[in-house]
Amino acid sequence: MRILLVEDDHLIGTMVRLNLETDGYAVTWHRNGEAAISTFAADRFDLLVLDIGLPGKSGIEVARATRKLGVGTPILMLTARDDVDSKVAALDGGADDYLCKPFSMPELLARVRALIRRSQGSLEVPTDQIVLVGGAAVDAQRHVVRARNGEEADLSDKELSLLLLLARNPGKVLTRADILEEVWGMDASPTERTIDNFVVKIRRWVEGEPDHPKHVITVRGWGYRYDP
Ligand code: CA
């Protein structure tokens, strides 16, 4: 298991590396975001442990950059303060989990194990087969969805991407920022309202009762969660 650690604080970095290595992880440690991004682009890691406050590029910018590289490596963000703003910033920035400083090493190790377990359980969705999302069958090759009620509809690229994004992330909260980045990417940014409208449309396919969704769940203040 390989972990990329990005932390500018010498003492914390030393402690984290030592504890991870003692637990059997191979650790690459960078003190700044630019170096971390180049290393991440060139190599494979099972987890990123990322300090939010870095000189130069911030942890948030590093998280965004690594997400853009299109790899689903989980990110554990280390936040400086135990306040709501820092947590929201971390999760919105693409972190899968966060830990507030000061934290205990056993807690760090437990979070690391949980994230790696979760990411290894997550299934990659092959694009050449039918994928079930809630009650709907998505044919990624033909760009068609067969809704729960048996009706078929053609899918736009973005509708298909959103369905596959949900299928790839069962049980995980996807923020609107995640969805924007994964589905719209570099294209002209839609408003959050646009995402909500897409979800309304998708619910008509995947839900038995679209007004009482059981599969594409609104997580108030965050975004959406897909429950298979
Ligand atoms: Ca720092």
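Overview of values
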{"read-out": "Zero-based 10 Å bins, Cα pair distances in the chain, whole percents", "value": "8, 31, 32, 19, 9, 1"}
{"read-out": "Qualifying aspartates and glutamates (Cα of each under 15 Å from Cα of LYS201; at least 8 residues distant if same chain)", "value": "GLU151, GLU152, ASP154, ASP157, GLU159, GLU192, GLU209, ASP211"}
{"read-out": "Antiparallel %, DSSP beta bridges [both residues in the chain], to 5", "value": "50"}
{"read-out": "Alpha-carbon centroids, region 4-55 and region 61-81: separation in whole Å", "value": "12"}
{"read-out": "Subset of LYS57/LYS101; LYS57/LYS87; LYS101/LYS214 violating a 27 Å alpha-carbon distance limit", "value": "LYS101/LYS214"}
{"read-out": "Simple spin-label estimate for TRP184 and VAL144 in nanometres, 7 Å along Cα-Cβ", "value": "3.0"}
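Since every read-out is calculated from the coordinates, none of them should be taken as a lab result. Predicted, not measured: the structure shown is a model, and the values here were computed from it. Don't worry about glycine lacking a Cβ; one is built from the backbone with ideal geometry, like all the others, and counts go over all protein chains shown.
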